[in-house]
1. Scan segment A:183-197 and report the pairs whose first residue is crowded, with 24+ Cβ neighbours inside 10 Å and whose second residue is at pLDDT below 95 and in a helix (DSSP H, G or I), with Cβ atoms within less than 9 Å and a gap of 6+ or a chain change.
2. Residue check: is C:Gly56 within 14 Å of chain B (Cβ to nearest Cβ) and either over 18 Å from C:Ile328 (Cα atoms) or modelled with pLDDT under 95 (or both)?
3. Could you list, in sequence order, all residues of segment C:137-155 that are in a loop (DSSP other than H, G, I, E, B) and buried (at least 24 other Cβ atoms within 10 Å of the Cβ)?
4. What is the residue count in segment A:206-243 for residues that are crowded, with 24+ Cβ neighbours inside 10 Å, within 14 Å of chain B (Cβ to nearest Cβ) and assigned to a helix (DSSP H, G or I)?
5. Do you know which residues across segment A:225-243 are within 23 Å of A:Tyr284 (Cβ to Cβ) and either in the same structural domain as A:Ala128 (by TED's automatic domain parsing) or under 19 Å from the mean Cα position of the chain (by Cα) (or both)?
6. Taking the options A:Arg53, A:Arg40, name whichever one is without any contact (Cβ under 8 Å) to a residue 24 or more places away in the chain and either touching a Leu at 6+ places or on another chain (Cβ under 6 Å) or assigned to a loop (DSSP other than H, G, I, E, B) (or both).
7. Among the residues that make up segment D:191-206, is at least one of them closer than 26 Å to D:Asp84 by Cα and among the polar types (S, T, N, Q)?
8. Looking at segment B:1-32 only, could you name the residues that are among the hydroxyl-bearing types (Ser, Thr, Tyr) and within 24 Å of B:Gly302 (Cβ to Cβ)?
There are 4 protein chains.
Amino acid sequence: MSSRIEVGVLGATGMVGQNFARLLADHPWFKLTWVGASARSAGKKYGEATSWRLDGVMPESVANLTVSECKPGNAPKLVFSSMDADAATEIEQAFAEAGHIVVSNSKNFRMESDVPLLVPEVNADHLALIRVQQARRGWKGGIITNPNCVAVPLAMALAPFKKYGITKFITTSMQAVSGAGYPGVASMDILGNVIPYIGGEEPKVEEEPLKILGDLRGDHVVDLNAKVSAHCNRVAVVDGHTLTVSVELTEKPSFEQLLSDIENFRGLPQERKLPSAPPVPLVYMTENNRPQPRRDGPRDGGMTVFMGRLRPCSIFDWKFVCLGHNTIRGAAGAAVLNAELMQSEGLL
Amino acid sequence: MSSRIEVGVLGATGMVGQNFARLLADHPWFKLTWVGASARSAGKKYGEATSWRLDGVMPESVANLTVSECKPGNAPKLVFSSMDADAATEIEQAFAEAGHIVVSNSKNFRMESDVPLLVPEVNADHLALIRVQQARRGWKGGIITNPNCVAVPLAMALAPFKKYGITKFITTSMQAVSGAGYPGVASMDILGNVIPYIGGEEPKVEEEPLKILGDLRGDHVVDLNAKVSAHCNRVAVVDGHTLTVSVELTEKPSFEQLLSDIENFRGLPQERKLPSAPPVPLVYMTENNRPQPRRDGPRDGGMTVFMGRLRPCSIFDWKFVCLGHNTIRGAAGAAVLNAELMQSEGLL
Amino acid sequence: MSSRIEVGVLGATGMVGQNFARLLADHPWFKLTWVGASARSAGKKYGEATSWRLDGVMPESVANLTVSECKPGNAPKLVFSSMDADAATEIEQAFAEAGHIVVSNSKNFRMESDVPLLVPEVNADHLALIRVQQARRGWKGGIITNPNCVAVPLAMALAPFKKYGITKFITTSMQAVSGAGYPGVASMDILGNVIPYIGGEEPKVEEEPLKILGDLRGDHVVDLNAKVSAHCNRVAVVDGHTLTVSVELTEKPSFEQLLSDIENFRGLPQERKLPSAPPVPLVYMTENNRPQPRRDGPRDGGMTVFMGRLRPCSIFDWKFVCLGHNTIRGAAGAAVLNAELMQSEGLL
Amino acid sequence: MSSRIEVGVLGATGMVGQNFARLLADHPWFKLTWVGASARSAGKKYGEATSWRLDGVMPESVANLTVSECKPGNAPKLVFSSMDADAATEIEQAFAEAGHIVVSNSKNFRMESDVPLLVPEVNADHLALIRVQQARRGWKGGIITNPNCVAVPLAMALAPFKKYGITKFITTSMQAVSGAGYPGVASMDILGNVIPYIGGEEPKVEEEPLKILGDLRGDHVVDLNAKVSAHCNRVAVVDGHTLTVSVELTEKPSFEQLLSDIENFRGLPQERKLPSAPPVPLVYMTENNRPQPRRDGPRDGGMTVFMGRLRPCSIFDWKFVCLGHNTIRGAAGAAVLNAELMQSEGLL
């Protein structure tokens, strides 16, 4: 236990911060010893400063941590960030300048050319951008990011198609309410309802997968050259984003080829057996009515992306359904896996 | 009152049949005097034979009708049909042969070349196929059909685009549970969940709009020459199907032109002020999070199709959201409007 | 139209205020001409100042009213109040002093001894307290209140039992989210869940029915001498509060007597055919699984209270289920009916 | 592993049977080797005969078992039963006669005077009835039962009150849909709704706790001498029954005494550290809005009963909220714990 790496969380009292606390409470490599939040919470016990919104109860080991202000100072070298977008730029930058490794779930730096936007099974090599970032910005630390909660399952599900030349994809998301934080979506808005809009979501879904699926060329990533169109919707689901996807390819693999590519898809996290890595990152379900967010989302600790219903598309080449747990694989769990990847690379 | 046209309902005890009963209970032109159901129910009062599943209670005027078997005999000339697919072919045909006008919500005859698949605002002229049908089949009566509950709002929403040359459209549906009848979708399957599959639905959604939007050429309809791809999903909504749509056009109208076309879209039902016609068949909502099934679906008696979020699509030309009430505009209400159209044409 | 009485609404932009706007938009006796809200909204059009949260869309006639500050001045004599509790005392008092009749849904004055807490079918005679109020407080106007949204159906359902001597009743409520206003209950809290607590609710449910069912004695009401215990819960329902009730009586009527008392229960609103009065205030449903909030709550404009499952209680005498629409009969609709009662009494 | 006790499941393909399969797939003491179902399923692999309805997927170890008919023959000595009520009497009796220990979740034998109705933390001594049963009926085996899914948390929550003399209790349940099996409750019935009735439930809730909390006297149990009244409701929750309870006591303990009794409540399962025993059987939550079924029900494997909001009742003495996971602690998990108790007593 004493050899675990001390870590901190920026924005620890919010919903994503609480997910960090839960995932890190029993982590074999990392030990959560520092929680940062607003000046208003600083000095209180985490258990007092935080209204626990996740299912179950707050881990006891976290409840007794004293909340610090989000300033570098005595935070551990490795900090996870779930800062709100309006504060993340300044604070994450301050930490990176001060030598911290900021593993961030915030959107602010995702699309910067020298910031890795990582899905470890897909583009672990993009992590090399951290050197570019340090060189260019003069930082001793750095910032690495994970993608938006829809972009993660979308990029992962499309990864096996990449070698056939992805040229276009259209997606419609049916997103869980937990993605909006707390209090987030009002129950008056979503009970027995669909909200066909999520502010700021579609641009992220249309941009981020192209960077994730892009190729590292020297000091930057050449985005995947594909057209993307997204329709984002909120549905009455607690956790788990479900996506329908139609995709056009340059080459024309058979169904069997594609299915094999999907089922055999693995990455560094699996190879290195990283603690948060699911045994199989893409699980293809053969039942025609799966995957489903409530039944499948939480499996394997929420880190697996599920696919189903792969079938020809009469307009593009293939269409399918995919599903990812938005607060785990699409947020806190993604960041933890990113940190595990860095550790396995000797970067911490 | 005495001058109202007597009508019957085939399959009156099911969910769609109950919707017919509700819509016809106070209809200004039609008087429900005959209800047909299975031999098991025949002879009972409708109120005894039927477990009322709709909100509210059974209209009293209907409760006292005696259920008949689904045989022509003494049924009124005009009968609405909500027969199950496995029985509809034989029974609807028997009624048509016997001189009845069968206004059917069943899928069985929809794609027959001499059967009108009507959305009165879109293709009222297809009603002329009834003459072809009678000539070809030697029927004194005839069968006219309304489309599937997703095809209706989809075809209506696309109707204003038709003049610009629709070449492709992709849609993802988020469909209400009422579309599956009763008991239909198990609560264990849909509470807090999405089911990414509805048996037999996608082929209907991909075929029917092409016939609806097609052109009558002599004795048949030339389908719209467009490619369609559909992803159908069930969500935890009681009534109202929400669709995302991306569409490619030959011509390139401006946003203003399209919006004007949508907002000014009217048809014969509006011109003739048919009793079930909504004042405006396509209502475009400018709020970015509308339409919504729970808040908008029931407006105007459930006969309006709502659109929103019309915006450029980075792959095709335009994308938008649309919504229709599946058990009204997508089922019983559609059939009633079809009958009203026929009456206004002097065909009853 | 010109003879309709001009009315205003205090706190018009909130959820209850919006319900007032909807109910008053087409009222045969009242004409909504004045809407009051916070200083921040004052001067704007109601349509701009208000985010419409109810199903459907804002009535056009209301959208164009200019919002005023909540000060007496040029408001109409009759004002409905849906002020928040923290502002209601001061503002309602200011209006009453200035000669306005304040028909309030706010809780602040409900339990004052000289303020009528009205359910017009149950205790219309309590309206006489308005004279006591004016005499004692020196007001030219006055304040009359309607009860809490659980207390209304509870008191109405118990009213027919009163003549048999109610000595104890225990109730458990399953309350809709609309009762918490907007944004109110977070979807993360209620999807697939029950919240066994509603702040401040149980004391109201335990106190208010005793005043409603009490007897006017000169200048005050002698409360019903019964013990009450309430358990209040929030469930995933949009509108409609469902209550289970067990009640002990001094006398021992038969089931048939009680059922007859319930079914024949009527009040002044029915006798005088007040515009918002339901034809039958207590509707007893004989199906063993009714009433249900989604299916029954909205019937008759939301003004009916439904009962069902009357059966012996092995501890007290009788137990049953009852249901009321919380935002209509339990809030705005209750206040409108109170104003109609006052008008029918010549008090406006 | 080889020393694990072989067990079977009667009615293995239904919902409770699936829960048995899930709980037994990795059990440290028991090894599921035999699954019984209807003649129609017999001979098939369990994985083929069963439509898996639980969240996640079927355990692989179970999928390959071959389904047998529900006849004694070569079933293991210990069988769990989740037979439907209409078949349970005959089949369970046949197994008991043939020397099997039938640990049953079915209701059929629960109230027989010589059949233990067990909650191991509450009345483990009632297990002695198995001797009476064997003597009286001439069975080599026997039947032991667990209570109804509402009776379990109710009896457990009341157990600490027993020493103060329980004389009356009233409860209202808000029950999850999983209690009705599959397909069970239609989504049309429960979405955004409450159903104030569950067929056959209230009598069980009123009877079973009295036997559970009763005292073993020689060859039978003397029921607790208390009056019970229950109101049972279905709500839109997947798993977890929430109950409000008001209870009258002969003695008058203080809040502190009661709270201490609740928090220190333990039983044989805890003492003996039975594999399915929760560390603390009654967890009292101090937050005023807890417990909640979605957030708390699944904790500790679904075997804990949660309580909250203990406060004085103005009619009886105390009132509170309690919660149990209906398919685990209220069904399959209860039976597994019963079998563990028997094993720890040397009865297997």
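The values are calculated or read from the model by the stated rules, or taken from the named source; none is laboratory data. As the structure is a computational prediction, the values presented were derived from the model and not from experiment. Reconstructed Cβ throughout: ideal geometry from the backbone, glycine too, with neighbour counts over all protein chains shown.
1. A:Met188/C:Met15
2. For C:Gly56, the condition - within 14 Å of chain B (Cβ to nearest Cβ) and either over 18 Å from C:Ile328 (Cα atoms) or modelled with pLDDT under 95 (or both) - is met.
3. C:Asn146, C:Pro147, C:Asn148, C:Cys149, C:Val150
4. Going through segment A:206-243 one residue at a time, the tally reaches 1.
5. A:Ala230, A:Val237, A:Asp239, A:Gly240, A:His241, A:Thr242, A:Leu243
6. On inspection, the qualifying residue turns out to be A:Arg40.
7. Looking through segment D:191-206, none of the residues is closer than 26 Å to D:Asp84 by Cα and among the polar types (S, T, N, Q).
8. B:Thr13
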